[in-house]
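Asker: This is the structure I have questions about; it appears just below.
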Amino acid sequence: MHNLLNSKKAQFFVLSAFAIIVTIFSLSQWIEPYTITDTSYIVMREEFFIFNNIVEKVKETVNLSKNCEELEFNLEEYKTFVEDYASTKTLSLDLSYVILSCDSSAAQVFFNITLTSPVSQIKKSFVSTKLF
């Protein structure tokens, strides 16, 4: 009789331990979504990455040009390319530039870039200088 009583106590102990573990696990799964802050929406918004890339590459386009004629051609080609790319991403890009000065020794270009998405608008104006 003593063996049967110990056997029932062991079964009750195992079932109680299992029930406690399942309860704690279920509770942790239920509470977890409220304790972790979701910052993935920042990464999912690629407008900032695209805008910074456009600014960097437009400066590089100016620096890689060898003369005034090539500078004007390269800027127009790059403008067409990035505006087409932005439209495929449902973004509106306004890349405007004015060649302030260009001669055999140097070039100065003023840029005004605006990227608009359904949730934000990013703008930047700057001057890029190239010594030939």
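The values are calculated or read from the model by the stated rules, or taken from the named source; none is laboratory data. Predicted, not measured: the structure shown is a model, and the values here were computed from it. Every residue, glycine among them, receives a Cβ derived from its backbone with ideal geometry; neighbour counts consider all protein chains shown.
Asker: Scan the stretch 62-81 residue by residue and report those that are assigned to a helix (DSSP H, G or I) and in contact with a Leu (Cβ under 6 Å, 6 or more places away or on another chain).
Answerer: 79
Asker: Can you pull out every residue in the stretch 9-55 that is modelled with pLDDT of 85 or more, in a helix (DSSP H, G or I) and under 30 Å from residue 126 (Cα atoms)?
Answerer: 47, 48, 49, 50, 51, 52, 53, 54, 55
Asker: Scan the stretch 68-102 for residues that are in contact with a helix residue (DSSP H, G or I) (Cβ under 7 Å, 6 or more places away or on another chain) and either of a type in the set (Asp, Glu) or more than 19 Å from residue 52 (Cβ to Cβ) (or both) and jot them down.
Answerer: Once the filter is applied, which keeps residues that are in contact with a helix residue (DSSP H, G or I) (Cβ under 7 Å, 6 or more places away or on another chain) and either of a type in the set (Asp, Glu) or more than 19 Å from residue 52 (Cβ to Cβ) (or both), the stretch 68-102 yields 71, 74, 99, 102.
Asker: Restricting attention to the stretch 117-132, and to residues there that are among the hydroxyl-bearing types (Ser, Thr, Tyr) and exposed (fewer than 13 other Cβ atoms within 10 Å of the Cβ), which single residue is farthest from residue 71 (Cα to Cα)?
Answerer: Going through the qualifying residues, I end up with 120.
Asker: Of all residues in the stretch 87-101, which are surrounded by 14 or more Cβ atoms within 10 Å (Cβ to Cβ) and touching a residue at least 40 places away in the same chain (Cβ under 8 Å)?
Answerer: Within the stretch 87-101, 91, 95 meet the criteria.
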